[in-house]
Amino acid sequence: MAAVQPRGSIARKAAISFTGGKDSMTVLHLMRAPEIVMEAIDDTAWREDVRERIAKVTHCEVALLVTFVPAGRKQSFKAHPLEVVQLQAHALGLPHLVMEVESAPSFLESYKANIRRLREEYGITALATGDILDVCNSFMPRAAAGTGVDLIAPLWGIERRLLLELVWAYSMSPLITCVNVTKFTEVAEVKQAPPLPPPPPASVMPVAEVVTEAEEVAEADAGSEAEAGAGALDITAPVADIEGGTSATKEATEAKAYCDASVSVRSSETTAPQVGLALLGRQLNRQLHEDVLLPAKRMYGVDECGEWGEYHTMVTDSRLFVRPLHLSFEPQREGDFAFLALRLIELDEH
C-alpha cells in the first residue's frame, strides 16, 4: 500500500538503504502505509511529530530496497545476514538491489559511485535511510554529495519511545540478533550521549552533510565511531581492533560501522554480563522493553533502541509482510559481541 500522493504532484523514485533492522524497516512502513501509524498514535504531540516526518517522504514512491555489502561478499553479516535481507524484500514484495562497496580508491568514492548508479540506471532521485543520529562523521551525507540523489532521514532525532511505538503500531516482530555485551556491565561508566545536532530545516537533509544509510552507533566509551544502525556494511570485528590506524583504515571503519545487529543466547548461558546476553534471540516487544531495556537504561545508561550499538535487530514479520519469516540460529560469542549465526531461513507457506 503506497502513500497517497497529493493531487497534481509527481512522485519521486526513491530507494531505501535497507538492512532489515527496525529502523530502516520503520522508514519503509512510514513511506508505504502512513495511515496505519496515524490511526494508532493517540498522543497529540507524537501525532504532530509523526505527521511532520511523513511529510518529508510524501512525494516519494519506494521503487527499490538497496543493501550495501563488502566487495566479493567475503565478510559475513553478524547483525543482518544477506540471505535474510533478501527474503525480507521478497516477503515485502519489493525489488531488492545488492550493491558492492570497494575499498579502492576509497569506501567513500565507492559509495558515491553506487549512489550515482542508482540515479543513472534506476532513476532514483532520493535515498531514504533509517539514520537517527549523526554517525561516522556524516559519512552518508558525504557519500551522497554531488550524486544528484537527495538523502532523506525521516527518523532523524526521533524520541526513542516514539520510535518503538511506530515499530509496534506496524506489528513488527524485531528479533534481537546481535548484542554488544560490554554495554550492559555494572562497571561500565554511564555516559551522556553527545548532543544531537539540530535536524535540517528542509525535508531533505543537506547533501553536503549526508551519509549512506548505516544504522551505526558511535561508541561513547571508546572515543571512536563504532557501530551505526541503518544499513550498509556489517562489522565483523570489534571496532577497538581497527581503531587508531591510518585515515584509510578509519574510513573503512566508518563505512563498516554503518550496520545493524542483534543476538540470541541459550537460557543456560552463565557468562557475564547477564543483562546483555538476556536480549539475544528475544523479540523486541513491550514486555522486553519494560523488563530488560528500561532497567538497563537506568542502570547502565544504554539507549533503549540500541542507537549506540547496544543491540541490533532483524524484522521477521509486520503488517506489510505477505508472509512471516522463520529463522533458525545458533548463538555465538566473538569478543564483545554475541550474535545469532544463521542456520535456516524460510518463508511461512501458510
It is to be established whether one or more residues within the range 285-299 are touching a Ser or Thr at 6+ places or on another chain (Cβ under 8 Å) and small (Gly, Ala, Ser).
no
Of the residues Arg161, Arg117, which single one is open to solvent by 10 Å² or more (accessible area, probe 1.4 Å), farther than 25 Å from Arg47 by Cα and among the basic types (Lys, Arg)?
Arg117
List every residue pair whose Cβ atoms sit under 8 Å apart, with the two residues 6 or more apart in sequence or on different chains, where the first one lies in the range 97-125 and is assigned to a loop (DSSP other than H, G, I, E, B) and the second, anywhere, is of a type in the set (D, E, K, R) and open to solvent by 20 Å² or more (accessible area, probe 1.4 Å).
Ser106/Glu251; Gly123/Lys13; Ile124/Lys13; Thr125/Arg12; Thr125/Lys13; Thr125/Arg119; Thr125/Asp150
The residue that is surrounded by the most Cβ atoms within 10 Å (Cβ to Cβ), considering only those in the range 69-113 that are at pLDDT 90 or above, closer than 22 Å to Pro141 by Cα and small (Gly, Ala, Ser), is Ser110
Pairs, first within 18 Å of Asp23 (Cα to Cα) in the range 305-329, second among the basic types (Lys, Arg) and part of a loop (DSSP other than H, G, I, E, B), C-beta under 8 Å, six or more apart
none
Can we say Leu28 is in a helix (DSSP H, G or I) and touching a residue at least 40 places away in the same chain (Cβ under 8 Å)?
yes
Leu127, sole failed condition from (1) open to solvent by 10 Å² or more (accessible area, probe 1.4 Å); (2) touching a strand residue (DSSP E or B) at 6+ places or on another chain (Cβ under 7 Å); (3) of a type outside the set (Lys, Arg):
(1)
Quick count over the range 141-175, residues being over 23 Å from Leu327 (Cβ atoms), touching a strand residue (DSSP E or B) at 6+ places or on another chain (Cβ under 7 Å) and not in a loop (DSSP other than H, G, I, E, B), is 7
Given the criteria closer than 21 Å to Glu330 by Cα, surrounded by fewer than 18 Cβ atoms within 10 Å (Cβ to Cβ) and not aromatic (Phe, Trp, Tyr), does Gln274 qualify?
yes
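The values are calculated or read from the model by the stated rules, or taken from the named source; none is laboratory data. Please read these numbers as outputs of a predicted model, since none were measured by experiment. For neighbour counting, all protein chains shown are included, and Cβ atoms are generated from backbone atoms with ideal geometry for every residue, glycine included. SASA here: full protein model, heavy atoms, side chains in, ligands and nucleic acids out. Shrake-Rupley method; radii C 1.70, N 1.55, O 1.52, S 1.80 Å.
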